[in-house]
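Engineer: Sharing a structure here in structure tokens format.
What follows draws every value from the coordinates through simple rules; no lab data is involved. Quick caveat: nothing in here was measured; it's all calculated off a predicted structure. So basically every Cβ, Gly included, is an ideal-geometry build from the backbone, and we count neighbours across all protein chains shown.
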Amino acid sequence: MDRVEIEPEQINVNLEQPSANQSGLFIIVVVLVLIIIIPVVIIKTKPSTTIITTTMVTTEIATKETTTIKNTQTTEEQIKSKYKQWKQSGITIAGGKQRGDGLNQLNEPHGILIDDSAIIIADYDEERILEWKFNANASEIIAGGNGYGNKINQLACPIDVILDKQNDSLIICDRDNKRVMRSFRKNQTDPQIFIANIWCYGLAMDNKGSIYVTDSDMHAVRRWKEGDINGTVVAGGHGKGDQLNQLFYPSYIFVDKDYSLYISDSSNHRVVKWKNGAKEGIVVAGESKPGNSLMQFSSPRGVFVDDLGFIYVADYHNHRIMRWCEGDKQGSIVVDEKDQEEGSDQLWGPVDFAFDAEENLYVSDSGNHRIQKFELCFNKTIC
């Protein structure tokens, strides 16, 4: 076919006055161009879209798998914790040589804590705080020990003790003197009145250094932040009673990482969880009447909550340590389900307890004037 030369003037004319044939030809050209361009666009676009979609799906699957694995691990840990067992025959590691004021004796031990290689004991009826090294035959007096009295170097029925590691000092509930004392470990001759005019029972400290104290007169728990003078009521304070905004002679307390308080509401025979800033508590263990079933306590004392949320309680008048899972209607017995006696597998009025780094359990067996160690079982067949 011969090539036809078209002058510019002719193009202008043709555009201004297109013929029917030329219009048809133009439409055909446009359709052909679209037929060629659209697949190219689809081909170029589709892989990108597919990649994005695949990435989103993959991420979603990975997230679900990670969440599932995490949930599975948590469930396994909770199951392990729920069925964790301790040997039922305890080992006397402090006291146990009848009541007395000797350094190898105790007289109704109450609050205890584990500090490195020693156990610190509030020796209630001997007006002293003792440090008893593991495997030692006797203790050392680290606060009080100067008889019953209200002088600065005396204590009167010390009932609980906690350790302020930042200041290397002991915070002591000096109950009959209605005060909380601070005793510096490097300078025991210079104790201080930390809080005055409070009939305290239990103590706790959160990770910000705030001190929590049960106030028996007010049937409340009060918190002291750094610089506070009077403290703030954070639980109870509405008179004694069994309503959810009331407490009835609260004893020992525990504060978790979310600043929720777990309170042994002793005369209500229950443990109450009081969330940070809440106006009332939630009953998480026990009922409002005493008893010895797995649903009940009789004057609970020491309380501890592990990282998985299991609640451990010293069931004072039932002579046992119990474990509850929040939300359960009944608990389980950790150690002792017998009448009070002095056998290695028996308790008499357990007041407080503590765990060491290996999760061995230490109990202040007040009626037997001793501290009992119950070893964690690694193999149920030897428990």
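Engineer: Suppose R0 equals 51 Å. What FRET efficiency, 1/(1 + (r/R0)^6) with r the Cβ-Cβ distance, do Asn276 and Ser89 give to the nearest 0.05?
Structural biologist: About 0.80, to the nearest 0.05.
Engineer: How about region 263-345: which trypsin sites (Lys or Arg not before Pro) there lie in a loop by DSSP and see at most 16 other Cβ atoms within 10 Å?
Structural biologist: Hits after loop and neighbour filter: Lys275, Lys279, Lys329, Lys338.
Engineer: Through the Karplus equation 6.51 cos²θ - 1.76 cosθ + 1.60, θ set to phi - 60°, convert the phi angles of region 261-269 into ³J(HN,Hα) values in whole Hz; use x for Gly and Pro.
Structural biologist: Using θ = phi - 60°, the values come out as 9, 10, 10, 6, 8, 4, 7, 9, 6 Hz.
Engineer: If you stretched the chain out fully between Tyr249 and Asn230, how much longer would it get, using 0.36 nm times the residue separation minus the C-alpha to C-alpha distance?
Structural biologist: 4.8 nm
Engineer: Identify the chymotrypsin sites (Phe, Trp or Tyr not before Pro) of region 279-358 meeting these criteria: DSSP loop state and at most 11 other C-beta atoms within 10 Å of the C-beta.
Structural biologist: none
Engineer: Same structure again: Report the full-extension gain for the segment Ala138 to Leu308: residue separation times 0.36 nm, less the Cα-Cα distance, to one decimal in nm.
Structural biologist: Residue separation times 0.36 nm, minus the Cα-Cα distance, leaves 57.6 nm.
Engineer: Shifting gears a bit: Working out 0.36 nm times the residue gap between Lys165 and Tyr148, then minus their Cα-Cα distance, what length gain in nm do you get to one decimal?
Structural biologist: Net length gain for the segment: 3.4 nm.
Engineer: If you take every residue apart from Thr189 with its C-beta less than 14 Å away from the C-beta of Thr189, what net charge results, scoring Lys and Arg +1 and Asp and Glu -1?
Structural biologist: It works out to a net charge of +3.
Engineer: Right, something else. In the neighborhood of Ser264, defined by Cβ-to-Cβ distances under 12 Å, what is the net charge if each Lys or Arg adds +1 and each Asp or Glu adds -1?
Structural biologist: Charge balance in the 12 Å sphere: -1.
Engineer: Considering only DSSP beta bridges with both partners in region 102-331, what is the antiparallel share in %, to the nearest 5?
Structural biologist: Of the beta bridges lying entirely in region 102-331, close to 95 percent run antiparallel.
Engineer: Okay, moving on. Which distance in nm do the two modelled labels at Ser332 and Asp217 give, with both placed 7 Å along the Cα-to-Cβ direction?
Structural biologist: Distance between the two pseudo-spin positions: 4.4 nm.
Engineer: Just in region 130-220: which trypsin sites (Lys or Arg not before Pro) are loop by DSSP and have at most 14 other Cβ atoms within 10 Å?
Structural biologist: Loop-located and lightly packed - Lys151, Lys165, Lys186, Lys208.
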